[in-house]
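> Here it is, the structure in full.
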Amino acid sequence: MSTSLEKFELTDRFRTPLYSVSEGARYLDVPVSTFDTWAHGYRRQPHGRPPVFGAPLLATLPRASRRGPEVPFVGLAQGLALAAIRRSGVPLQRIRPALVEMGKEFGLEYALASRRLYTDGAEVLFDYALTRGADEGAAHAARELVVVRNGQRVFNDVVASYLRRLDFRNDEYPWLVGLPAYRPGSVVADPTRGFGQPVFATGGARVEDVLSMFRAGEPLDVVSDEYGVPIEDLEDVVRVATRTAA
């Protein structure tokens, strides 16, 4: 019988494509166009001005088909950090220089998905804001993400609530990503289960399998008993599915 570690190694967090752009956007509750920009970068041509480029911010891999998966698990974790910044109302084009600086400071390829972001990111961004006074836009964006509490520099409440959805266990990079469309702790992406597709944290059933049973006409309490999913988590998933379909 395969151990959890063996399954994890078969579904490599860094080199196995698990998600399409549309799936990544849906799981992180952001527009597809936004996630596509994170994954592939952008080129914009302001009227009468030179073109503006933005480099990709997420890890991607070659696709086997045009609509096939291209984002590995670590890319989804990076996307969660970017979704937190977006939810804070900070324009990404302004914070990009600070994120690049943070990656250099950490010396990590996947800094946005690292434990260092969680433990040291606020300190790095705060220092960036203090030392980049000439670039007022970037400095202001960095300050918007950080607050000082009890003499410590920490992320604001929105960013902190997102980062708490990452489960690092004893590793530098996460093993689980709690998906922000759902109640904290209810639905996760786990590279060792269901090829990284959303599963219930309690019971481990794939969200899509549970929803299929509900859509077939089974009452919520029957579905809950069948899959061992708390009824409140099931109700939350149905709410999100109904909102997405509307």
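The values are calculated or read from the model by the stated rules, or taken from the named source; none is laboratory data. Please read all numbers here as calculations on a predicted model, not as lab measurements. Here the Cβ is made from the backbone with ideal geometry for all residues, glycine too, and neighbour counts use every protein chain on show.
> For the range 217-246, enumerate the residues that are part of a helix (DSSP H, G or I), among the β-branched types (Val, Ile, Thr) and closer than 17 Å to Ser186 by Cβ.
Initial filter on the range 217-246 (part of a helix (DSSP H, G or I)): 220-227, 231-245.
After this cut, where a residue has to be among the β-branched types (Val, Ile, Thr) as well, the list is 222-223, 231, 237-238, 240, 242, 244.
Val223, Ile231, Val237, Val238, Val240, Thr242, Thr244, listed by residue number.
> Give just the number: which of (1) in contact with a helix residue (DSSP H, G or I) (Cβ under 7 Å, 6 or more places away or on another chain); (2) of a type in the set (Ser, Thr, Tyr); (3) within 29 Å of Pro91 (Cβ to Cβ); (4) at pLDDT below 95 does Tyr162 not satisfy?
In the conditions (1) in contact with a helix residue (DSSP H, G or I) (Cβ under 7 Å, 6 or more places away or on another chain); (2) of a type in the set (Ser, Thr, Tyr); (3) within 29 Å of Pro91 (Cβ to Cβ); (4) at pLDDT below 95, Tyr162 misses (4) alone.
> Another question, if that's okay. Take Phe200 and decide whether it is surrounded by fewer than 19 Cβ atoms within 10 Å (Cβ to Cβ), touching a residue at least 12 places away in the same chain (Cβ under 8 Å) and of a type in the set (Phe, Trp, Tyr). Spell out how you get there, then give the answer.
Values: surrounded by fewer than 19 Cβ atoms within 10 Å (Cβ to Cβ): no; touching a residue at least 12 places away in the same chain (Cβ under 8 Å): yes; of a type in the set (Phe, Trp, Tyr): yes.
Spelling it out, it is not the case that Phe200 is surrounded by fewer than 19 Cβ atoms within 10 Å (Cβ to Cβ), touching a residue at least 12 places away in the same chain (Cβ under 8 Å) and of a type in the set (Phe, Trp, Tyr).
> Another question, then. Counting only residues that are in a helix (DSSP H, G or I), of a type in the set (A, V, I, L, M) and exposed (fewer than 15 other Cβ atoms within 10 Å of the Cβ), which one in the range 1-42 is modelled with the highest pLDDT? Write out each step before concluding.
Keep residues of the range 1-42 that are in a helix (DSSP H, G or I), which gives 4-10, 21-28, 32-40.
This time we only want the ones that are of a type in the set (A, V, I, L, M), so: 5, 10, 21, 25, 28, 32, 39.
Those still in the list that are exposed (fewer than 15 other Cβ atoms within 10 Å of the Cβ) too: 5, 10, 32.
Details: Leu5: 45, Leu10: 58, Val32: 95.
For the range 1-42, the residue satisfying everything is Val32.
> Kindly provide the set of residues from the range 94-111 that are in a helix (DSSP H, G or I) and farther than 18 Å from Arg153 by Cβ, ordered by number.
Going through the range 94-111, the residues in a helix (DSSP H, G or I) turn out to be 94-106, 111.
Across the range 94-111, the qualifying residues are Arg94, Arg96, Pro97, Val100, Gly103, Lys104.
> Same structure, new question: Tell me, yes or no, whether the range 114-127 has at least one residue that is among the β-branched types (Val, Ile, Thr), touching an Asp or Glu at 6+ places or on another chain (Cβ under 8 Å), surrounded by fewer than 24 Cβ atoms within 10 Å (Cβ to Cβ) and in contact (Cβ under 8 Å) with a residue 40 or more places away in the chain. Quick ask: steps written out before the conclusion?
Residues of the range 114-127 among the β-branched types (Val, Ile, Thr): 119, 124.
Checking which are touching an Asp or Glu at 6+ places or on another chain (Cβ under 8 Å) leaves us with 124.
Narrowing the set further to residues that are surrounded by fewer than 24 Cβ atoms within 10 Å (Cβ to Cβ) leaves 124.
From what is left, the residues that are in contact (Cβ under 8 Å) with a residue 40 or more places away in the chain are none.
No, because not a single residue in the range 114-127 is among the β-branched types (Val, Ile, Thr), touching an Asp or Glu at 6+ places or on another chain (Cβ under 8 Å), surrounded by fewer than 24 Cβ atoms within 10 Å (Cβ to Cβ) and in contact (Cβ under 8 Å) with a residue 40 or more places away in the chain.
> Of everything in the range 189-216, what is more than 23 Å from Thr11 (Cβ to Cβ) and part of a helix (DSSP H, G or I)? Give them in sequence order. Before the answer, list the steps.
The first filter runs over the range 189-216 and keeps only residues more than 23 Å from Thr11 (Cβ to Cβ), leaving 213-216.
Answer for the range 189-216, where residues must be more than 23 Å from Thr11 (Cβ to Cβ) and part of a helix (DSSP H, G or I): Met213, Phe214, Arg215.
> Quick check on my filter: what residues within the range 63-93 are assigned to a loop (DSSP other than H, G, I, E, B), out of contact with any Asp or Glu (no Cβ under 8 Å at 6 or more places or on another chain) and of a type in the set (A, V, I, L, M)? I'd like the intermediate steps shown before the answer.
Going residue by residue through the range 63-93, those that are assigned to a loop (DSSP other than H, G, I, E, B) are 63-70, 72, 88-91.
If we keep only those that are out of contact with any Asp or Glu (no Cβ under 8 Å at 6 or more places or on another chain) too, we end up with 64-68, 70, 91.
Ala64, the sole residue that qualifies.
> Right, something else. Considering only the range 142-159, how many residues are in contact with a helix residue (DSSP H, G or I) (Cβ under 7 Å, 6 or more places away or on another chain) and at pLDDT 90 or above? Outline the logic, then answer.
Restricting attention to the range 142-159, the residues satisfying the condition of being in contact with a helix residue (DSSP H, G or I) (Cβ under 7 Å, 6 or more places away or on another chain) are 142-143, 145-146, 153-156, 158-159.
Filter once more, so that each one left must be at pLDDT 90 or above: 145-146, 153-156, 158-159.
Number satisfying all stated conditions: 8.
> If Tyr118 meets every condition in (1) of a type in the set (Phe, Trp, Tyr); (2) touching a Phe, Trp or Tyr at 6+ places or on another chain (Cβ under 8 Å); (3) modelled with pLDDT of 95 or more apart from one, which number is that one?
Failed condition: (3).
> If you don't mind, there's one more thing I want to ask. Just name the residue that is surrounded by the most Cβ atoms within 10 Å (Cβ to Cβ) out of those in the range 51-85 that are among the charged types (D, E, K, R) and modelled with pLDDT under 95. Break it down stepwise before answering.
Here is the first cut: in the range 51-85, the ones among the charged types (D, E, K, R) are 63, 66-67, 70.
Applying the additional criterion that residues be modelled with pLDDT under 95 yields 63, 66-67.
Working: Arg63: 14, Arg66: 6, Arg67: 10.
Checked the range 51-85; the qualifying residue surrounded by the most Cβ atoms within 10 Å (Cβ to Cβ) is Arg63.
> Across the range 214-225, what is the total count of residues that are under 21 Å from Arg193 (Cα atoms) and surrounded by 15 or more Cβ atoms within 10 Å (Cβ to Cβ)?
Narrowing the range 214-225 to residues under 21 Å from Arg193 (Cα atoms): 223-225.
Subset that is surrounded by 15 or more Cβ atoms within 10 Å (Cβ to Cβ): 223-224.
The number of residues fulfilling the criteria is 2.
> OK, next. Return yes when Gly185 is surrounded by fewer than 17 Cβ atoms within 10 Å (Cβ to Cβ), free of Cβ contacts under 8 Å to residues at least 60 places away in the same chain and over 16 Å from the mean Cα position of the chain (by Cα) and no when it is not. Spell out how you get there, then give the answer.
Numbers: surrounded by fewer than 17 Cβ atoms within 10 Å (Cβ to Cβ): yes; free of Cβ contacts under 8 Å to residues at least 60 places away in the same chain: yes; over 16 Å from the mean Cα position of the chain (by Cα): no.
So Gly185 does not fit the description; no.
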